[in-house]
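A.B. asks: Input: one structure, supplied below.
FYI, it's all coordinate maths here, none of it is from the lab. Worth saying up front: this structure is predicted, and the values here are computed from it rather than measured. Cβ placement follows ideal geometry from the backbone for every residue including glycine, while neighbour counts extend to all protein chains displayed.
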Amino acid sequence: MNLSVEKCPRCKAALEVKENPSCKAIVIKACPAGHYEKEFHPALETYIEINKVP
């Protein structure tokens, strides 16, 4: 069991890293089904979580 794998809170699928060509410093992880997105902003040292409503 890998505890470091981040999962979607809705469908429990593993989050995938999305390519962000506009800014290489921001890391965006998203649910493959599009339910959830999590962004890490190193300059702000914070996460932004987005739950998408169907």
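A.B. asks: Can you tell which of ALA43, SER22, ALA33 lies farthest toward the positive end of the dipole of the chain, using +1 and -1 charges on the Cβ of basic and acidic side chains (Lys, Arg; Asp, Glu)?
C.D. replies: Towards the positive end, the residue furthest out is ALA33.
A.B. asks: Give me the one-decimal nm value for the distance between modelled label points at ILE48 and ALA25, 7 Å along each residue's Cα-to-Cβ direction.
C.D. replies: Between ILE48 and ALA25, the simple spin-label model gives 1.4 nm.
A.B. asks: Consider the candidate values [x] 5, 23, 22, 18, 13, 9, 6, 3, 1, 0; [y] 4, 21, 24, 21, 13, 9, 6, 2, 0; [z] 4, 20, 27, 24, 17, 7, 1; state which one is P(r) over Cα pairs in 5 Å bins from 0, in percent computed from the structure displayed.
C.D. replies: [z]
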